[in-house]
Amino acid sequence: MDTYTIKEVSEMFHLPSSTLRYYDQEGLLPFVKRSNGGIRMFSDRDYEWLKVIECLKRSGLSIKDIKTYI
């Protein structure tokens, strides 16, 4: 299983790192692990969740509704 830094995921999704941090803080990415230094390390599973989140956002769901779904 691959792991990605927040910078790499940000580039993959064309999202600011701050948006990914916000998603994490709001509980949309409950499985993101952190390195010993506290750096978020995204797995392939997290990548797939982000694809779902972005799809739900495009369909008009609010962050609150997405959080309920997750």
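The values are calculated or read from the model by the stated rules, or taken from the named source; none is laboratory data. None of these values were measured; they are calculated from a predicted model. Here Cβ is always computed from backbone atoms with ideal geometry, including for glycine, and neighbour counts include all displayed protein chains. These accessible areas exclude ligands, DNA and RNA; they are computed on the full protein's heavy atoms, side chains included. Shrake-Rupley method; radii C 1.70, N 1.55, O 1.52, S 1.80 Å.
List of remarks:
- Within this structure, residue 34 fails the test of being touching a strand residue (DSSP E or B) at 6+ places or on another chain (Cβ under 8 Å), basic (Lys, Arg) and open to solvent by less than 60 Å² (accessible area, probe 1.4 Å).
- Test: residue in the stretch 18-32 that is touching a residue at least 12 places away in the same chain (Cβ under 8 Å), outside any helix (DSSP H, G or I) and of a type in the set (D, E, K, R): yes
- Within the stretch 37-50, one or more residues are small (Gly, Ala, Ser), in contact (Cβ under 8 Å) with a residue 40 or more places away in the chain and not in a helix (DSSP H, G or I).
- Candidate set from the stretch 1-17 (those that are in contact with a strand residue (DSSP E or B) (Cβ under 6 Å, 6 or more places away or on another chain) and assigned to a helix (DSSP H, G or I)); member that is least open to solvent (accessible area, probe 1.4 Å): 9
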